[in-house]
Amino acid sequence: RSKLLRKTVYLFDDQFKEHMPKKNDTNVLEKELAYCRELEQRIEKEESLSSIPAVKEKLNLLKETIEDTQGNF
């Protein structure tokens, strides 16, 4: 979900790459969740991006996935 969100953001603002958190390159679930939370926070702070319907949709999917994963974790 984070990859889809990043790709969607880059469609609208490829300069935002500089503001993205460092990608998680491990298979550790806790680190992936932390990365996803940071990604969520950074995009939500940028209202010009988070108000775009396609970005908002992917952001909501990411949030739901984080919540679902935490509920089972």
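Taken together, the values in this text are just the output of simple stated rules run on the coordinates, not laboratory data. Here the structure is a predicted model, which is why all the values come from computation and not from measurement. For neighbour counting, all protein chains shown are included, and Cβ atoms are generated from backbone atoms with ideal geometry for every residue, glycine included.
Rounded to the nearest 20 debye, the dipole magnitude of segment 24-65 is 60 debye, with +1 charges on Lys and Arg beta carbons, -1 on Asp and Glu beta carbons, and the Cα centre as origin.
A helix-only calculation puts the chain at -22500 deg cm²/dmol for mean residue ellipticity at 222 nm, using -39500 (n - 2.57) for each DSSP H run of at least four residues, averaged over all residues. Pairwise Cα separations in the chain fall into 10 Å bins from 0 onward with the following percentages, short to long: 20, 56, 22, 2.
Our summary gives the chain a relative contact order of 39 percent, counting only alpha carbon pairs under 8 angstrom and 6 or more residues apart. Angle, helix 2-12 long axis vs. longest principal axis of the chain, Cα atoms, 0 to 90°, nearest 10? Roughly 0 degrees, rounded to the nearest 10.
About its Cα centre, what dipole magnitude does the chain give when the only charges are +1 on Lys and Arg Cβ and -1 on Asp and Glu Cβ, stated in debye to the nearest 20? Taking the Cα centre of the chain as origin, the dipole is about 200 debye. Rounding to the nearest 10 and keeping the result within 0 to 90°, find how far the Cα-based axis of helix 53-72 lies from the longest principal axis of the chain. Result, in degrees: 10.
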